[in-house]
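J.: Take a look at the following structure, please.
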Amino acid sequence: MLRYVTTNPGKVAEALQYLQGDVEQLDYDYTEVQASDLGTIAAHGAREAYRYADEPVLVDDAGLFIDGFDGFPGPYSSYAEDTLGIETVYRLAEGELDEPRRASFRCVLAYCDGEGFEASPDPVDRDDRTAAAARGAEQDASETRALPVKLFEGRVRGRLVPPRGDGGFGYDPIFEHEGTTFAEMDSEEKNAISHRGRALAKFGEWFQTRTE
Ligand SMILES: O=c1nc[nH]c2c1ncn2[C@H]1C[C@H](O)[C@@H](COP(=O)(O)OP(=O)(O)OP(=O)(O)O)O1
């Protein structure tokens, strides 16, 4: 049984609708390492979640990247949502940036089942490596390190607008794609074009060849 690891019910609704079949949520709050890219965070999370669950796991790390803010809040999207709230994030963009206030959603899915396959290289950039070394993270159990993880990424571009719509979750009301905010779409419409839908499509294709 594949476990979709997240504490976020909004993600679950979309992922389970997309994947169907043998997949269930695992409501497990893995350690989010501090890193500037989603892949590093998701890969660490998948190894930790696999060790916890001892079943194949899929971890979803996602965020909103605002072009004019050099990608902020990015990996810190959840923190910015909890502290500022999405309306304040929108108002900051409105106050600082000219239209169109371009942004993208990105999602990285990390799969781990403890077995060997051609894993994605860890997307550790120089800054992360320096930061990790400073924290003494090399000791980060070599056993955990060795677990192969496969990454799948999806992105969607759009622009920031005053909140509209009451579907979806998170930043959906302020993210407009081709004239419609994500909160004005149902989950099927959103999955067809979203960062998560795209990452799930890549994962599904790969997973199928793996289980055939
Ligand atoms: O499709 C989306 N539509 C709207 N907002 C979204 C979406 N995808 C990610 N987001 C936002 C929500 C949250 O502020 C952050 C994810 O943060 P992220 O750490 O990946 O997830 P989380 O803390 O909500 O749950 P968990 O780590 O248990 O999966 O980006």
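J.: Restricted to the stretch 91-106, and to residues that are over 20 Å from the mean Cα position of the chain (by Cα) and open to solvent by less than 40 Å² (accessible area, probe 1.4 Å), which residue is farthest from VAL161 (Cα to Cα)?
T.: Filtering the stretch 91-106 for residues that are over 20 Å from the mean Cα position of the chain (by Cα) and open to solvent by less than 40 Å² (accessible area, probe 1.4 Å), the one farthest from VAL161 (Cα to Cα) comes out as LEU97.
J.: I'd like the full set of residues that are more than 15 Å from LEU109 (Cβ to Cβ) and either without any contact (Cβ under 8 Å) to a residue 12 or more places away in the chain or assigned to a strand (DSSP E or B) (or both), limited to the stretch 21-32.
T.: GLY21, GLU24
J.: Output the residues belonging to the stretch 1-20 that are within 13 Å of the ligand (Cβ to nearest atom), farther than 16 Å from MET185 by Cα, open to solvent by less than 60 Å² (accessible area, probe 1.4 Å) and part of a helix (DSSP H, G or I).
T.: Selection gives VAL12 alone.
J.: I'm checking my understanding of the structure. Among residues of the stretch 59-78 that are farther than 30 Å from ASP113 by Cβ and not acidic (Asp, Glu), which one is most open to solvent (accessible area, probe 1.4 Å)?
T.: The selected residue is PHE72.
J.: Just to be sure, is GLY165 modelled with pLDDT of 95 or more, touching a helix residue (DSSP H, G or I) at 6+ places or on another chain (Cβ under 6 Å) and closer than 28 Å to PRO9 by Cα?
T.: Judged against the criteria, GLY165 is a match.
J.: Tell me, please, whether a residue that is under 21 Å from THR211 (Cα atoms) and within 12 Å of the chain's Cα centre (by Cα) can be found in the stretch 7-30.
T.: yes
J.: Tell me which of these ALA192 doesn't satisfy, since it passes every other one: (1) of a type in the set (A, V, I, L, M, F, W, C); (2) modelled with pLDDT of 65 or more; (3) open to solvent by less than 40 Å² (accessible area, probe 1.4 Å).
T.: ALA192 satisfies every listed condition except (3).
J.: Give the residue, chosen from PRO75, PRO123, that is touching a Gly at 6+ places or on another chain (Cβ under 6 Å) and modelled with pLDDT under 95.
T.: The match here is PRO123.
The values are calculated or read from the model by the stated rules, or taken from the named source; none is laboratory data. Bear in mind that the values here come from a model prediction, so they are computed numbers and not experimental data. Cβ atoms come from the backbone with ideal geometry, glycine included; neighbour counts cover every protein chain shown. The accessibility values were calculated without ligands, DNA or RNA, using every heavy atom of the protein model including side chains. Shrake-Rupley method; radii C 1.70, N 1.55, O 1.52, S 1.80 Å.
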